[in-house]
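Computed from the coordinates by the stated procedures, all read-outs in this text should not be read as laboratory data. All figures in this text were calculated on a predicted structure; none of them were measured in a lab. No Cβ is skipped: glycine too gets one built from the backbone with ideal geometry, and neighbour counts run over all protein chains shown.
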């Protein structure tokens with residue numbers, strides 16, 4: 001009886017690991033087929049949500065769209081439950097970025113039962129298309145994204161100082177224009193906050209044109225602010241670009257990125273020849289270990 005129980009546990013564990021390999025890995029034909037089918041379902045569900053907002057199409061195919069929404073939601077719900085079942089640490093997956101996105105992608109449909117109009121939130125399913133980077137081995141693009149995030153983090157203090165300087169500058173220019181244009185009888189500059197709004201629009205070279213100076217001095221100051229706007233745009237670009245350069249300079253030679261996902265901590269950034277997770281030390285491919293044994 002004990003031998004039979006142990007055999008059942010081993011078979012159950014092997015089934016669970018196989019299921020995990022299909023759902024979370026993209027190296028196997030089955031895993032890639034599953035992920036491509038999943039992406040197709042996600043894309044189709046997003047298109048349905050978009051088309052549902054067109055009155056003419058909604059009037060004609062509303063019932064069909066409603067049925068399709070529930071089919072997609074049930075499918076994604078089953079997939080979400082299976083993902084929780086297969087991972088070694090469900091809590092890590094649930095609190096991970098993809099875990100949260102997977103949950104949010106199915107909640108809106110269930111919320112429509114209680115709250116009307118929340119089905120439009122299903123557009124968040126489009127975030128699940130980010131899995132395409134792992135499925136089609138676009139790991140280098142993920143690395144480039146990490147470089148951008150790291151560069152923004154490293155330059156956040158400089159950007160914060162720059163933004164404070166810009167806020168001080170538009171406050172000063174807005175106050176000056178309020179005095180000048182107010183004296184000239186321009187009713188558009190009827191308050192300092194509205195004048196500051198004009199200064200922001202002008203400095204950022206947006207130029208809505210809903211407010212414009214009429215006095216020669218005001219127009220001269222406006223021209224100066226417009227020219228300054230081009231120089232100001234270049235400042236944050238230079239700050240972030242310098243951090244990009246530093247990040248690439250410090251970049252070590254790396255091997256090709258693997259699509260393996262750690263079943264314990266959900267970490268994805270592994271080398272192709274890695275046997276254990278670089279973050280938690282978990283064995284990355286227990287099925288192959290069982291075969292070797």
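Would you mind getting me the FRET efficiency between residue 89 and residue 163? Use the beta-carbon distance for r and R0 = 30 Å, nearest 0.05.
Working: r = 40 Å, r/R0 = 1.32.
That pair, residue 89 with residue 163, gives E of 0.15.
Let's test the formula: R0 of 51 Å, r as the Cβ-Cβ distance of residue 226 and residue 74. What FRET efficiency results, to the nearest 0.05?
Once the sixth-power term is evaluated, E becomes 0.35.
In nanometres, what is the gap between the two model label sites at residue 217 and residue 194, each 7 Å from Cα along Cα-to-Cβ?
The modelled label-to-label distance comes out at 2.1 nm.
What is the Rg over Rh value, at two decimals, for segment 154-249, using alpha-carbon atoms and the Kirkwood definition of Rh?
Result for segment 154-249 is an Rg/Rh of 1.11.
Contour minus end-to-end for residue 56 and residue 156, with contour as 0.36 nm per residue of separation and end-to-end as the Cα-Cα distance?
Working it through step by step, the gained length comes to 31.3 nm.
Determine the distance separating the Cα centre of segment 187-239 from the Cα centre of segment 82-108; give it in Å without decimals.
First find each Cα centre; the distance between them is then 47 Å.
Need the full-extension length gain, residue 210 to residue 274, defined as separation in residues times 0.36 nm minus the C-alpha distance. One decimal, nm.
On the way: separation 64, 0.36 × 64 = 23.04 nm, distance 5.99 nm.
Residue separation times 0.36 nm, minus the Cα-Cα distance, leaves 17.0 nm.
Can you give me the three principal axis dimensions of segment 7-96 from its C-alpha atoms, in Å, biggest first?
Ordered largest first, segment 7-96 gives principal extents of 58, 26, 25 Å.
What's the FRET efficiency of residue 67 with residue 97 using the Cβ-Cβ distance as r and R₀ = 22 Å, to the nearest 0.05?
Taking R0 as 22 Å, the efficiency between residue 67 and residue 97 is 0.10.
Order by neighbour count: 162, 72, 115, 34, fewest other Cβ atoms within 10 Å first, most last.
The fewest-first ordering by Cβ neighbours comes to 115, 162, 34, 72.
7 Å from Cα along Cα→Cβ at both residue 241 and residue 147: what's the point-to-point distance in nm?
About 1.5 nm separates the two model spin labels.
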